[in-house]
């Protein structure tokens, strides 16, 4: 099943090249919309950038710098491996 997912991590398909702590990686950059409710005080909206890549490319990334080609520079704030060989990096603007 994982082999089928490798197609998504091809630069010819969906992947965006990046460097993680100076090492070239291929993954999928996303900036999903997030909204937080504050009850009677209203709500705030923001985006939470993420970078999804094969787990074997995400070696100890917490706190490291991810430079996404053509998009920008981010710090890896959180690492979320899903147990299937895919890891989502939660990013913050550097």
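Overview of results
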quantity	calculated
Filtered residue count, segment 76-94, keeping only those that are loosely packed, with under 12 Cβ neighbours inside 10 Å and in a loop (DSSP other than H, G, I, E, B)	4
Residues located in segment 68-77, provided they are under 11 Å from the mean Cα position of the chain (by Cα) and under 22 Å from residue 5 (Cα atoms)	68
Failed condition for residue 65, given (1) at pLDDT below 90; (2) more than 10 Å from the chain's Cα centre (by Cα)	(1)
Segment 15-51: number of residues that are at pLDDT below 90, within 20 Å of residue 74 (Cα to Cα) and not in a strand (DSSP E or B)	3
Residues being closer than 15 Å to residue 15 by Cβ and surrounded by 15 or more Cβ atoms within 10 Å (Cβ to Cβ) - total across segment 56-66	3
Test set (1) modelled with pLDDT under 75; (2) loosely packed, with under 10 Cβ neighbours inside 10 Å - residue 12 fails condition number	(1)
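The values are calculated or read from the model by the stated rules, or taken from the named source; none is laboratory data. Worth saying up front: this structure is predicted, and the values here are computed from it rather than measured. Glycine also receives a Cβ, built like all others from the backbone with ideal geometry; neighbour counts cover every protein chain displayed.
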